[in-house]
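The values are calculated or read from the model by the stated rules, or taken from the named source; none is laboratory data. Remember, it's a predicted structure, so these values are computed and weren't measured experimentally. Note that each Cβ is placed from the backbone with ideal geometry, even for glycine, and that neighbours are counted across all protein chains shown. When the accessible area is computed, the model is the full protein with side chains, heavy atoms only, and any ligands, DNA or RNA have been set aside. Shrake-Rupley method; radii C 1.70, N 1.55, O 1.52, S 1.80 Å.
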Amino acid sequence: MVRETLYNEFTGRFELLYKDDPLGYHMPVHAHNAAEIYYTLDDLENVLLGDKVYHIPGDSLIFIPSFCNHRIVTQDDWAFRRYILTVNMNWLASVLGAEKEDRPHFWAVPSAINVTGEKKTRIETSLKKMCNGMQRGSILEMRIFLEVIEEIEKLSGDAKTKAGGQIQME
């Protein structure tokens, strides 16, 4: 049986959502024209990224490049709480004035980083700040978005350095 991949078109600049899906959540295989970063609060046993399935612990950032097939399935008794940052990469490149090869390295391939200690506190604070009470399209929203991207870039750079140039996934 062959299943089609759903394709979702993202037309915005960026969007941050907090989602708390019910137990036993089953997402269909899908892809987007935009990149996504999930910050998952719960362990995820079955995460399809591209053509591989991973176990990803809670408190992890999951990087999903544009057009990468992905799916997350939780066990029937597991919750799925996460922040989802969706970013139009063409828009981001135009804002940063960056060519494709100059974009943050975590946008290139599916990867994940487990976040602990002070780094966990910083990323959660940044995401909550961006989620709560911002006026869409405001300068404050843009500033906080860029702070979140900077924090994520620091975390992914630290993980890349520790892994000898590769961000490790379990």
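Mind counting the residues in segment 15-73 that are in contact (Cβ under 8 Å) with a residue 24 or more places away in the chain, among the small types (Gly, Ala, Ser) and in contact with a Ser or Thr (Cβ under 8 Å, 6 or more places away or on another chain)?
Summing the residues that are in contact (Cβ under 8 Å) with a residue 24 or more places away in the chain, among the small types (Gly, Ala, Ser) and in contact with a Ser or Thr (Cβ under 8 Å, 6 or more places away or on another chain) in segment 15-73 gives 5.
What number of residues in segment 37-88 are closer than 18 Å to Leu6 by Cα, open to solvent by less than 10 Å² (accessible area, probe 1.4 Å) and of a type outside the set (Val, Ile, Thr)?
Number of matching residues: 2.
Across segment 60-76, what is the total count of residues that are more than 23 Å from Thr11 (Cβ to Cβ), over 12 Å from the mean Cα position of the chain (by Cα) and not hydroxyl-bearing (Ser, Thr, Tyr)?
4
Can you tell me which residues in segment 122-149 are more than 17 Å from Arg13 (Cβ to Cβ) and free of Cβ contacts under 8 Å to residues at least 24 places away in the same chain?
Of everything in segment 122-149, those that are more than 17 Å from Arg13 (Cβ to Cβ) and free of Cβ contacts under 8 Å to residues at least 24 places away in the same chain turn out to be Thr125, Lys128, Lys129, Asn132, Gly133.
Kindly evaluate Pro28 against the criterion of being over 25 Å from Phe145 (Cα atoms) and in contact with a Leu (Cβ under 6 Å, 6 or more places away or on another chain). I'd like the intermediate steps shown before the answer.
Numbers: over 25 Å from Phe145 (Cα atoms): yes; in contact with a Leu (Cβ under 6 Å, 6 or more places away or on another chain): yes.
Taking the combined requirement at face value, the residue satisfies it.
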